[in-house]
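The values are calculated or read from the model by the stated rules, or taken from the named source; none is laboratory data. The structure presented is a predicted model; accordingly, all values stated were derived computationally and were not measured. A quick note on method: Cβ atoms are made from the backbone with ideal geometry, for glycine too, and the neighbour counts reach across all protein chains shown. All accessible areas refer to the heavy atoms of the entire protein, side chains included, with ligands and DNA or RNA removed. Shrake-Rupley method; radii C 1.70, N 1.55, O 1.52, S 1.80 Å.
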Amino acid sequence: MKFIAEISRWAIPLLLLLIPVMAYLRKVPVYESFVAGAEEGFKTGVRILPFLIGMLVSIRVFVDSGALETVSHWLQPLFSLLGLDPSFASIIPLAIMRPLSGSGALGVATQLINQHGPDSFIGRLASTLQGSTDTTFFVLTVYFGSVGIKKYRYALKLGLLADIVGLVVSVWIVSKVFY
């Protein structure tokens, strides 16, 4: 066990040393290649910056305006109609925030776990939901914006469908495994 821990500890530093040495031995201009890659990365960062700022401002407006709480409130009767536990309504802000912002969703999940406890239904559901869905709008903004894709409506629909499936399956798995 100690041997594996030691290998894990040294794996990344060894890779960071091995790759430039191998490139040098193959007569690749290591420093020039690094600078060219850094320049391309900087250009990509500048190209996606407007998309990223627009998305972050939109999320902030959505949360600060109270729209997140309003949408959560509107969805509560639907979930009670489906026969879900009334405490399930507290997961709605996380389910809404998760496709928008990873850090915002992490904040909501942390708040839910602190409020309900890590071993509660809501705590386990928040943890499972965090691991089973992705930040759809962030992915579309950053990755699609970086390569200049402007027509992403099908990707948006599919991403949101995957988020809904992630929520439903998270509820099912937590219900079946833990209760």
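Extension gain for ASN114-LEU14 works out to 32.1 nm (0.36 nm per residue, less the C-alpha to C-alpha distance). Show log10 I(q)/I(0) for region 1-93 at q = 0.13 Å⁻¹, two decimals, from a solvent-free Debye sum over equal Cα scatterers. Per q value, in the given order, log10 I(q)/I(0) is -0.77.
Modelled label positions at SER65 and MET22, each set 7 Å beyond Cα in the direction of Cβ, lie 5.1 nm from each other. Here each label is just a point 7 Å from Cα along the line to Cβ, and for ILE4 and LEU52 those points are 3.6 nm apart.
Compared with the dominant Cα axis of the chain, that is its longest principal axis, helix 153-178 is turned about 60°. Computed across region 1-46, the Kirkwood hydrodynamic radius from all distinct Cα-Cα pairs reaches 12.6 Å. Placing pseudo-labels 7 Å out from each Cα toward the beta carbon at LYS176 and SER80 gives an inter-label distance of 2.9 nm. Protein heavy-atom accessible surface, 1.4 Å probe, per residue over the chain: 69 Å².
The peptide list 24-30, 91-97, put in order of mean Cβ contacts within 10 Å with the highest first, becomes 91-97, 24-30. Using a cutoff of 8 angstrom between alpha carbon atoms and counting only pairs six or more residues apart, the relative contact order for region 66-178 works out to 24 percent.
How much of the accessible area of region 1-46, probe 1.4 Å, is carbon plus sulfur, in whole percent?
77 percent
Compared with the dominant principal axis of the Cα atoms in the chain, helix 30-64 is inclined by about 20°. Within region 117-162, list the trypsin sites (Lys or Arg not before Pro) lying in a DSSP loop whose Cβ has at most 14 other Cβ atoms in a 10 Å radius. In loop regions of region 117-162 (DSSP not H, G, I, E or B), the sparsely surrounded trypsin sites (Lys or Arg not before Pro) are LYS150, LYS151.
The reciprocal of the average 1/r between distinct C-alpha atoms defines the Kirkwood hydrodynamic radius, which for the chain equals 19.6 Å. Here the accessible area of region 116-179 is 70 percent carbon and sulfur, with a 1.4 angstrom probe and all protein chains present.
Restricting region 43-79 to trypsin sites (Lys or Arg not before Pro) that sit in a DSSP loop and have at most 15 other Cβ atoms within 10 Å of their own Cβ leaves nothing.
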